[in-house]
Amino acid sequence: MLICNKPKIFDIDLYGLAALLCISGLIWLFLIRPLDHEVIQLQKERQQKQQEKESIEAELVQLQNAVQSRRTLTARIRQNADMLSHNIDIPEVIRRLGSLAQNCSIRLDEIAPGDTDSSEQYHKTSMSLKIYGTFPNLRSFLTSIADELLFVRISSLTLTGKQSDEHSCNIAMNMDVFAAK
């Protein structure tokens, strides 16, 4: 059935228009609307995956921090173990102090070991030294003690004496020597 009694080239048939609208409605109903729901569902899944990713990244950062702190603790334990393995007795400390003084051009006049105090983990022996030399040589001597005798702590250092042509002075030094039990 035609809209007009006289057909023309651009007239549209009513049934053709209804079919076009029906096909458009069916396409929207069966294709576009389910795609919208699928897009919304995919967005929700994406947000959920993003939250999971952020929580995993936070856990990864925590694990990396734990690994770093564990490495630091391991390094400290190895350092302490090395210190204990280098631990020696008082005659050996005196012998090493003598060789260090000789290497640094310092005269070691007197070494007097003192009392030994004990605790649960270590023994501590005090020791006093009288040394004669220049300040630069004393500095290299102190540096050598810090580098080679890891279990020795210098508790006091006193410079006395008159300044002479050699720029030397008398030095009194007290130190503590630690030994593991």
Mind listing whichever residues of segment 94-116 are surrounded by 12 or more Cβ atoms within 10 Å (Cβ to Cβ) and either modelled with pLDDT under 85 or part of a strand (DSSP E or B) (or both)?
-> Arg107, Leu108, Asp109, Ile111, Pro113, Gly114, Thr116
Quickly run through segment 117-143 and pick out the residues that are exposed (fewer than 11 other Cβ atoms within 10 Å of the Cβ) and either touching a strand residue (DSSP E or B) at 6+ places or on another chain (Cβ under 6 Å) or small (Gly, Ala, Ser) (or both).
-> Ser119
Which residue pairs have Cβ atoms closer than 7 Å, lie 6 or more positions apart in sequence or on different chains, and pair a first residue in segment 146-175 that is aromatic (Phe, Trp, Tyr) with a second residue that is at pLDDT 85 or above?
-> Phe151/Val177
Give Phe141, Phe178, Phe151, Phe135 a once-over and let me know the one that is at pLDDT 90 or above and aromatic (Phe, Trp, Tyr).
-> Phe141
Can you run down the residue pairs with Cβ atoms below 6 Å, 6 or more apart or on separate chains, where the first is in segment 116-141 and free of Cβ contacts under 8 Å to residues at least 12 places away in the same chain and the partner is in a strand (DSSP E or B) and of a type in the set (D, E, K, R)?
-> Asp117/Lys124
Just give me the residues in segment 27-49 being modelled with pLDDT of 80 or more and of a type outside the set (Val, Ile, Thr), in sequence order.
-> Glu38, Gln41, Leu42, Gln43, Lys44, Glu45, Arg46, Gln47, Gln48, Lys49
Scan (1) at pLDDT below 80; (2) surrounded by 17 or more Cβ atoms within 10 Å (Cβ to Cβ) for the single condition Gln163 breaks and write down its number.
-> (2)
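The values are calculated or read from the model by the stated rules, or taken from the named source; none is laboratory data. Values in this document were obtained by computation on a predicted structure and should not be read as measured data. Positions of Cβ are generated from backbone atoms using ideal geometry, with glycine treated the same way; all protein chains shown enter the neighbour counts.
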